[in-house]
Structures are given as C-alpha cells and as structure tokens.
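J.: What follows is a single structure, and I will ask about it in a moment.
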Amino acid sequence: MSVKKQGGRKKILLKLMNDTLLTPRMRNCRLTGVKQPVYFNSTGKFYGSWMKDPEPTYPEFKDKMWITHHFEGQTLWEYNQKGKKMKKYLLGNREPFYGTGNVVYRSSFYYQKHGSNEIIRYDLKSESIMAQVVLPNSKFRGNGRLYAISYNFFDLAVDANGLWAIYGSHDKNKLLLVSKLDPDSLAIIHTWNISIAHRRYGNGFVLCGNLYLLDSATHKMSAITYGYDLYRPKKIRKLMIPIVNAYEMVTMLSYNHHDNRLYAWDRGYSISYDIVTKK
C-alpha cells in the first residue's frame, strides 16, 4: 500500500486488496420491476444530483437530503425532508466536484475531484475532507465519458454491500471498471473489468451487488437492459425492465437501500421510483 499524508488527511494512491478480503454479499436480490416516477421537487437547475443517506452515522442527518447543482461546483446544499434549504457546505477552491454521480453515505459526501481521477470523501459533521483515492487506469478528462449523457466520468453508488465506483478504462474504450471502495479510507478492495460498450447506455447503479445500466436517459419510455452480478461474477441474462424517464433527461440515477427506491435527477426535477425485487 502507498499512502501519503496531506495536511493531516490520508491520500491513498494505489491499493488493491487480495480477492479473499471481499466480504460476503450482505443482501442478495434481483431487480424485477420499476414503478411509475414520483415527483418530489424542482430547483430550477437543469443538471444536478439529489441524495439521501441510507446509513447516517449521526442522528441529525437521518431525515436530510443533499443536492448539488450543475455538473461542477464547490457547493453542497442540505435540505430538510419537506424540501426546505437548510445549510450550505463549501468544498473549497482546491477540491471542487465534477459530475452528477455523487453519493452521501454514512454522513459523508463522496465525489470526483474536478479535473482528476481522484474520489474524495468529505465528512459532513466536521465539514472537512477525510480521505481521497486515485483510481488507476480511469478516464477523467476530455472525450470518452462514462455514459451517453456526457457529464460523468465516474458514477458512485451505494447499496447494502457498501460503496462502489463505476468508470471507464483509460486504455480500452469498451471496458467498464467497477471498484468496491472502503467507505472510510477509500482503499480499493477489488476492481472488476467488464467488457461492454458502456457509452451507449444512459446511466447506471448498483443494487444487491448487481450492476444495472439504463438503456437511454433521453427517451421517455426506456428500460434497464443490462445487468452484471459482481459477486458471481457473470452477466444477468434476459434483462428488460421498463422505466419512465418523465422529463427525458436523466443525468443522475442511484439506488437507496434504506427505503428501497431509485432516485433520479431528470431535467432539473427530483424524482424517485419504488422498485420490485426478488431473492
């Protein structure tokens, strides 16, 4: 392991743990259906992300929501459960975010640092950066973004099994990488190499240790057409799960295992979906 200290915080440069350290799947299920979209709010910002913490470390964060505006910036907004803006977090000039594939998990905000292949963990309690990791062989600038909607190089995801990073390979255009990260240190636990033309898909998320990809983020009637079981590992066959993109521009899609819903940012609207799963 290679670790550097920067201003009292850990920066893990390259670390790949042995496969045997991958913990067993905490919840085993398969997605079988997505229900109709439910409108929550609109901030008037075309691009953004909205997040709920499935496992808050501190009770004061239990019923909060967090929102980012645009696909780059220095500000994270905290809202209460009624959609009222409560607090502003400043990430600082040196550590701005890029993309809409952000997540809040265990009272920390995880995001890609603008212009780099670093993932950052920002602690919401102390309002400070606690860890950051460089993801090797990752595309993080220029052409070749992760999905067909060209505003993400990295898509962070959370499920009952932990924290994940989805991103494209720098070396091969049709190679998708998925890394499982330690939520505290951001150490890379394991990385999967999946051969797929990922730029033809609209968005993605992880649920029960399975990667799912949305066919189109801009067609009103779309479907989740690709799945990959990360624990077996193998492709999920014959997958076709219809989903409605209500406003035809989904720039963020994520799963929350606490309330078992999908969350989406669709042309400035905060949307959620109830889902159906089976064991």
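J.: Taking segment 254-264 as the region of interest, how many residues are more than 14 Å from VAL38 (Cβ to Cβ) and in a strand (DSSP E or B)? Lay out the reasoning, then the answer.
T.: Narrowing segment 254-264 to residues more than 14 Å from VAL38 (Cβ to Cβ): 254-255, 257-258.
Filter once more, so that each one left must be in a strand (DSSP E or B): 254-255.
Total satisfying the criteria: 2.
J.: Of everything in segment 120-162, what is in contact (Cβ under 8 Å) with a residue 60 or more places away in the chain and part of a loop (DSSP other than H, G, I, E, B)? Give them in sequence order.
T.: LEU124, LYS125, PRO136, TYR147, ALA148, ILE149, TYR151, ASN152, ALA160, ASN161
J.: Criterion first (over 17 Å from the mean Cα position of the chain (by Cα), in contact (Cβ under 8 Å) with a residue 24 or more places away in the chain and open to solvent by less than 10 Å² (accessible area, probe 1.4 Å)) does ILE271 satisfy it? If you could, list the steps in order and put the result at the bottom.
T.: On the way: over 17 Å from the mean Cα position of the chain (by Cα): no; in contact (Cβ under 8 Å) with a residue 24 or more places away in the chain: yes; open to solvent by less than 10 Å² (accessible area, probe 1.4 Å): yes.
No: the conditions fail for ILE271.
J.: Checking the condition assigned to a loop (DSSP other than H, G, I, E, B), at negative phi and either surrounded by 18 or more Cβ atoms within 10 Å (Cβ to Cβ) or touching a residue at least 60 places away in the same chain (Cβ under 8 Å) (or both), which residue from PRO242, PRO183 passes?
T.: On the way: PRO242 fails: assigned to a loop (DSSP other than H, G, I, E, B).
Being assigned to a loop (DSSP other than H, G, I, E, B), at negative phi and either surrounded by 18 or more Cβ atoms within 10 Å (Cβ to Cβ) or touching a residue at least 60 places away in the same chain (Cβ under 8 Å) (or both) holds for just one of PRO242, PRO183, which is PRO183.
Per-residue answers, yes or no, for (1) surrounded by 19 or more Cβ atoms within 10 Å (Cβ to Cβ); (2) over 22 Å from ARG27 (Cα atoms); (3) touching a Gly at 6+ places or on another chain (Cβ under 8 Å):
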| position | (1), (2), (3) |
| --- | --- |
| ILE149 | yes, yes, yes |
| ASN152 | yes, yes, yes |
| GLY168 | yes, yes, yes |
| LYS172 | no, yes, no |
| HIS190 | no, no, no |
| ASN193 | no, yes, no |
| ALA197 | no, yes, no |
| LYS220 | no, yes, no |
| TYR231 | no, no, yes |
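J.: Follow-up. What are the pairs, 6+ residues apart or on separate chains, where a residue within segment 251-262 that is under 13 Å from TYR147 (Cβ atoms) has its Cβ under 6 Å from a residue that is hydroxyl-bearing (Ser, Thr, Tyr) and open to solvent by 40 Å² or more (accessible area, probe 1.4 Å)?
T.: Partner pairs satisfying both residue conditions: THR251/TYR47; THR251/TYR151.
J.: Looking at the structure I just gave you, is ASN173 in contact (Cβ under 8 Å) with a residue 60 or more places away in the chain and not basic (Lys, Arg)? Before the answer, list the steps.
T.: Working: in contact (Cβ under 8 Å) with a residue 60 or more places away in the chain: no; not basic (Lys, Arg): yes.
Taking the combined requirement at face value, the residue does not satisfy it.
The values are calculated or read from the model by the stated rules, or taken from the named source; none is laboratory data. Source: prediction; values computed, not measured. Quick reminder, even Gly has a Cβ in these numbers, built from the backbone with ideal geometry, and neighbours come from all protein chains shown. Each accessible area value is taken on the protein alone, full model and side chains, heavy atoms only, with ligands, DNA and RNA left out. Shrake-Rupley method; radii C 1.70, N 1.55, O 1.52, S 1.80 Å.
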